[in-house]
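Let me begin by presenting the structure, written as structure tokens, before commenting on it.
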Amino acid sequence: MLGFSNTREWVYPQSIQGRFMTIRRWTFLGLHLLLLITPWITINGHPAFRVDVPARTVYLFGNIFTASDTIFLLLILWFAAFSLFFFTAVFGRIWCGYACPQTVFLESWIRPVELWIEGDRLTRKRRDAKGWSFDRAWRKVAKWSVFFAISLFLAMAGMSIFAGARELWTGQAGPVEYALVAIFTGFWFLDFTWFREQFCNYVCPYARFQSVLADEETLIITYDEPRGEPRAAGKQAAMDGRCIDCNKCVAVCPQGIDIRDGFQLECIQCARCIDACTSVMEKLGHPTLVAYGSIAESEGRKVRRWRPRTILYAAILVGIIAAGAILAANRVTFEATVNRAPGSLYTMDSDGYTRNTFLLQITNKNPSEEPIQYDISVSGLDDAEVLTDTVELSSTETRTIPLIVRVPNSVALERTTPFQVRVEAGDGAVILSPTFKSGAAIGETGS
């Protein structure tokens, strides 16, 4: 499975340096910092970013979101989807080349380790072609051992977002979390040692629906065929600026394709071929034959970055951002629910009051380290008397308290009377709408 079968056609990408590789390395560094550092940062005693699935709680840079904030999750999913549509329509597969975990981890971890232990492309290719030997065996074992350590490290880093970095890395997480770490370790190890570019070519659906999102004006990697053809390996081709058929663009491609064959779904737009061609053509005194461009540009037509589909996607994104901002500005940092106490409809007290008993639950979603006090009042019932405990909650604390509402019998009440319970804290209020039950007959008003 790990390369022993002759049916697996291995790709040996050659290492390359260049402007786009430098851009990618800085991008990869930023993404790694987000993954590795963010789960360790705390704000007001809470992680800067954590998705606590069992508690159905998300901690996001000082904000706490629970199941009642599902609308924000929906907006985030919509934003992610239409961002994908927008950036693909404008910039092509920029996600695949610069931000996909598959690409980021392979380029940042796996290819440097492979270069260090086994050497560059030709050395690896020749050694593998000779069959098994002691030299090849120990290098493979050493490489796979490092790959396993990297897989475990990345699985732990990813699971830190869900289980908490400190709990996971100090052995305090539960068996489910460590079982998931083992599963993801196995997934990454299989991917790094064998699957690699096959994931992009055969599993990931993005390459398939990218052709629907892209058009002739989408930014892709193109080959300057009018200038590059016919290819030749002689001095005349070098003087004319034609392709000298050095195949370096093919040698560096992690997908094993030839960009000179035109647009292909396997291309992840990593720009390694651009850096490769640039390094060759600059020495010959000519501009690169492989560059970012579009089909329209190659045909001499004007490229419109803003066209109906991109304008529509951008408008939807602006609408989603605006909706999220409005909801966030009006969001209160606690949630409250009220339900009638089980087995209790109403009670006639000896002092001439009708009593209804409710259970009021309050959850504090304010990240502040200071406890928050909540004021409770009712409206819609004349001369109502409210009996409840003082509620003061720490961050993320939930408490259920009895809420007793009494109304004197002198007040005319229907059998079912709606009223409002107002729960108020410093940053806002939540209005709840239960009903008050009395002993009046159906359709009549009690006295």
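Readers should treat all values here as calculations from the given coordinates under stated rules, not as data from a laboratory. Because the structure is a prediction, the values reported are computed rather than measured. Here the Cβ positions follow ideal geometry from the backbone for every residue, glycine too, while neighbour counts run over all protein chains shown.
Summary table
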read-out	value
Free-standing Cys residues across the chain, given no other cysteine C-beta under 4.7 angstrom	CYS96, CYS100, CYS200, CYS204, CYS243, CYS246, CYS253, CYS267, CYS270, CYS277
Per-residue [θ]222 nm for the chain (sum of -39500 (n - 2.57) over DSSP H runs n ≥ 4, rounded to 500)	-12000 deg cm²/dmol
Tail fraction, Cα-Cα pairs, the chain, threshold 38 Å, whole percent	47 percent
Integer Hz, Karplus 6.51/-1.76/1.60 couplings in order for segment 216-230, x for Gly and Pro	5, 9, 6, 6, 9, 8, 10, 10, 7, 5, x, 8, x, 9, x
Computed lengthening from CYS204 to TRP138, 0.36 nm per intervening residue step minus Cα-Cα distance	20.5 nm
Cross-link table LYS125/LYS283; LYS140/LYS235; LYS143/LYS283; LYS143/LYS235, entries beyond 30 Å C-alpha to C-alpha	LYS140/LYS235; LYS143/LYS283; LYS143/LYS235
Pairwise FRET efficiency - SER145 versus LEU122, Cβ, R0 = 22 Å, nearest 0.05	0.35
Assigned charges on the beta-carbon of Lys, Arg, Asp, Glu; the chain dipole about Cα centre (debye)	2400 debye
LEU29/ASN339 FRET efficiency (R0 56 Å; Cβ-Cβ; nearest 0.05)	0.65
Projected label distance in nm at ARG19 and ARG56, using a 7 Å step from Cα toward the beta-carbon	5.2 nm
At R0 = 51 Å, FRET efficiency that the Cβ-Cβ distance of VAL113 and ALA325 yields, to 0.05	0.70
Distance between segment 396-422 and segment 212-265 - C-alpha centres, whole angstrom	75 Å
Paramagnetic reach from LEU75 in segment 310-337 [backbone N under 13 Å; point 7 Å along Cα→Cβ]	317-332
Phi to ³J(HN,Hα) by Karplus 6.51 cos²θ - 1.76 cosθ + 1.60 over segment 122-138, Hz, x for Gly, Pro	5, 4, 5, 5, 5, 5, 5, 5, 6, x, 7, 8, 4, 4, 5, 5, 5
Charge-dipole axis of the chain as Lys and Arg at +1 and Asp and Glu at -1 on Cβ define it, positive-most pick from ILE94, LEU317, THR363	ILE94
Under 10 Å, Cβ to Cβ, from VAL378 - net charge with Lys/Arg +1 and Asp/Glu -1	0
Cα centroid of segment 19-93 to Cα centroid of segment 190-209, whole Å	23 Å
